Amino acid sequence: MNTARPLIELRQVSVRYGDVTALSQVDMALRPRQITTLVGPNGAGKSTLARVVLGIVSPSEGTVSKEPSLRIGYMPQRIKLDDSLPLTVDRFLWLGQPSNKAARKAVLKRVGVRHLRKRSVHQLSGGEWQRVLLARALLRSPDVLVLDEPAQGVDVSGQDALYGLLKEVRDEIGCAILLISHDLHFVMAATDEVICLQQHICCSGTPDVVQRNPAYLALFPPQTQGNLALYQHHHDHHHHPEGDACAMEDTHDN
Amino acid sequence: MIIELLLPPLLAGLAIALVCGPMGAFVVWRRMAFFGDTLAHGSLLGAAFGLAVGMALYPAVILCCVMLALILTALQRQQFIANDTLLGIVAHTTLALGIVALSLLPQVKVDLFGFLFGDLLAVGLAEAGLLWLGASLILLVLVLNWRQLLSITVNEELAKVEGVPTHLTRTLLMVLLALLIASALRTVGVLLITSLLVIPPAAARRFSPTPEHMAILASIIGMVAVVGGLAMSWFLDTPVGPSIVLAAAGAFLTSLILPARA
C-alpha cells in the first residue's frame, strides 16, 4: 500500500450536466509512483473524472485539493488536427513547453521515436502519435501523468510496449499515473490500483482484489471478457516502433 | 507622378496584406472564415453608426467590430443553436441593418460600393501611415502570443492543462481579427476582406512545413497580390479591390500547379 502524501485528492466529487449526473461522490487520491487505472463501461464518467483531475471540468460538488505548483502532463486520446495546419513533431513538442532542442531530442529518444522529430504530424501512425503525445507530456517533467485510453488504435505488441514504457517512466521520474482504459487485459498487469467506475465508484483496490469483487464481475462478466482473459506474462524484450526487439533490463517487478 | 498617386494605396495595401498572412492562417486553421465574414459585415454597421453620431470612421468601425467580436465569442459558448447558424443570422442582420441605417441618414451621401468593394485609390499618405501603425501593433501582439495562440489552435484541452489561459487567448485572437477587418474596410471592403484572409494562406499551405513558414509565405503572397491587383487596376482601369482578390486567386491557382514542398 502506497502511503505517500497524495499529490491530488478528490473528496466526494460530483459532476452534473443539467439533469444528467456524470459523477457521483467520488473519492480518489493520486500518490507519487502509483499507477491508478479507471475502468468502466462507456458513459461511466471515466473521462469526466480525468477532466476533473486535469482541471478542465470543475466539480458541481465536493473538493479537489492539489499540491501547490503541481505539474500535470496530459496525453489525450487522439488529436484531430486540421490538414490545413502544417506541423512537425518538433514544433508540436515546442508548443507544450518552450524548451530547447536538446531536451526535445532527448524526450523523443526516451519514448523511442527519435527518428520522427522532423516528420509532419499528419504522417504519423496511431502508435507513433501516442509516443509523440507521451513525449509532449513528459517534456513538462510532470508530477502527475494522465492518459486517456493510451492504447487505442495500437496493436497488441504496441500496447504491451507502451505499458512497459509507462512503468519505466514512473520508476524514472517518480510521477503518479492515472490511466483510463477499456483494456482489462493489460490494465491488470500494469496497475497498482484499479478503480471501477459507474458514475460512482463500484469498487477499487489492487487488481486481484477488484477482479473478485461482485460489483466488478457484474460490470464485466467473465464471459464478456472473451479471449481477453487476464494474463500476466513476463516480458523479456520490447519493441521499438520500427519493429526491432531490444533486451529489457527490468521486467515486471510486481 | 505615378509614384505619388500610387504610393499611398500601395503602402496601405501592403500593410493589410502583411497582417492578413498570419491572421488569415489562423482563420484557415480554425475554420473561422464565416466568423471573419460576419465581422466584416458588422464593420458596415459601424460605418453607419459613425456617420449617424458624427464619429470619425475608423474609431466607429473599430468599436463596432471589436464589440461584435466579443459578443460573438461569448455567444459561441452557448449550445442553443449551431455556430454557423448563429453567424449566419448575425452576419446578414448586421449587413442589412448597416445598409438600412445608411439609407436612413438623410443628408449623408454614402459611397456604398466603396464600403463593399474597397476604395484603395482614395487612401492618402497619412492614412497609409496609420494603417502601418495598426499593422505593426497587431503583428507585435501576434508574435508575443504566438505559442499560446498556436497551442489553442492545435488542441485547446492540452493547452489548458499546460497552463494557457484558453478563453483569454481565444478572445485576443477574435479582437485582433476584428481590428484587422475594421482597418481593412476602406482598402478591400466588406465583401472582399475574407478572401484576402483566406486565399493567401491556402496558396501557401502546400509549400509550408511549419505554421510560421505558412504565415510568412501567406504575407508575401498577399503582398504580391496587392502589387499585382494595383498594376492590373492601373493598366486595365479595373476596380482595385476585386483586382487584388483576382490576383490572389491567381496565386492560389498557380500554387495548385506547382509541385508541393511540404
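The values are calculated or read from the model by the stated rules, or taken from the named source; none is laboratory data. In this text, all values refer to a predicted model and were calculated from it rather than measured experimentally. Cβ coordinates were reconstructed from backbone atoms using ideal geometry, including for glycine residues, and neighbour counts include every protein chain displayed.
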Looking only at the range A:115-128, how many residues end up being outside any helix (DSSP H, G or I) and within 12 Å of another protein chain (Cβ to nearest Cβ)? 3
Among (1) surrounded by 19 or more Cβ atoms within 10 Å (Cβ to Cβ); (2) not in a helix (DSSP H, G or I), the one test that B:Met55 misses: (1)
Under 9 Å between Cβ atoms, at least 6 apart or on separate chains: pull out the pairs that start in the range A:1-21 with a residue that is on the phi < 0 side of the Ramachandran plot and end on any residue that is among the basic types (Lys, Arg) and not in a loop (DSSP other than H, G, I, E, B). A:Leu7/A:Lys66; A:Ile8/A:Lys66; A:Glu9/A:Lys66; A:Val15/A:Arg51
Filter the range A:71-89 for residues that are modelled with pLDDT of 90 or more and more than 7 Å from every other protein chain (Cβ to nearest Cβ); the one that is surrounded by the most Cβ atoms within 10 Å (Cβ to Cβ) is A:Gly73
Considering only the range A:105-114, how many residues are under 17 Å from A:Gly73 (Cβ atoms) and either in a loop (DSSP other than H, G, I, E, B) or within 14 Å of chain B (Cβ to nearest Cβ) (or both)? 2
Just wondering, is there one or more residues in the range A:190-201 that are away from chain B (no Cβ under 14 Å), touching a residue at least 24 places away in the same chain (Cβ under 8 Å) and either part of a helix (DSSP H, G or I) or on the phi > 0 side of the Ramachandran plot (or both)? yes
Residues of the range A:25-83 satisfying the condition of being without any contact (Cβ under 8 Å) to a residue 40 or more places away in the chain and either of a type in the set (A, V, I, L, M, F, W, C) or within 12 Å of A:Gln199 (Cα to Cα) (or both): A:Ala29, A:Asn42, A:Gly43, A:Thr48, A:Ile56
Can B:Ser136 be described as in contact with a helix residue (DSSP H, G or I) (Cβ under 8 Å, 6 or more places away or on another chain) and either of a type in the set (Val, Ile, Thr) or free of Cβ contacts under 8 Å to residues at least 24 places away in the same chain (or both)? no
With respect to B:Ala101, is the statement that it is within 22 Å of B:Ile181 (Cβ to Cβ), away from chain A (no Cβ under 14 Å) and without any contact (Cβ under 8 Å) to a residue 12 or more places away in the chain true? no
Can you tell me how many residues within the range A:38-47 are part of a helix (DSSP H, G or I) and either modelled with pLDDT under 85 or buried (at least 22 other Cβ atoms within 10 Å of the Cβ) (or both)? 1
Count - residues of the range B:208-257 that are of a type in the set (S, T, N, Q), within 14 Å of chain A (Cβ to nearest Cβ) and in a helix (DSSP H, G or I): 1
So, A:Val132, is that one within 16 Å of the chain's Cα centre (by Cα) and within 14 Å of another protein chain (Cβ to nearest Cβ) or not? yes
Residue identified as closer than 15 Å to A:Val89 by Cβ, aliphatic (A, V, I, L, M) and surrounded by 20 or more Cβ atoms within 10 Å (Cβ to Cβ) among A:Val146, A:Val107: A:Val107
What is the one condition in (1) in contact with a Lys or Arg (Cβ under 8 Å, 6 or more places away or on another chain); (2) away from chain B (no Cβ under 14 Å) that A:Phe92 does not satisfy? (2)
Entirely in the range B:133-207, the helices (runs of 4 or more DSSP H) that have 3 or more residues that are within 13 Å of another protein chain (Cβ to nearest Cβ) and touching an Asp or Glu at 6+ places or on another chain (Cβ under 9 Å): B:146-154
For the range B:148-186 the number of residues that are of a type in the set (Ser, Thr, Tyr) and closer than 19 Å to B:Leu63 by Cα is 2
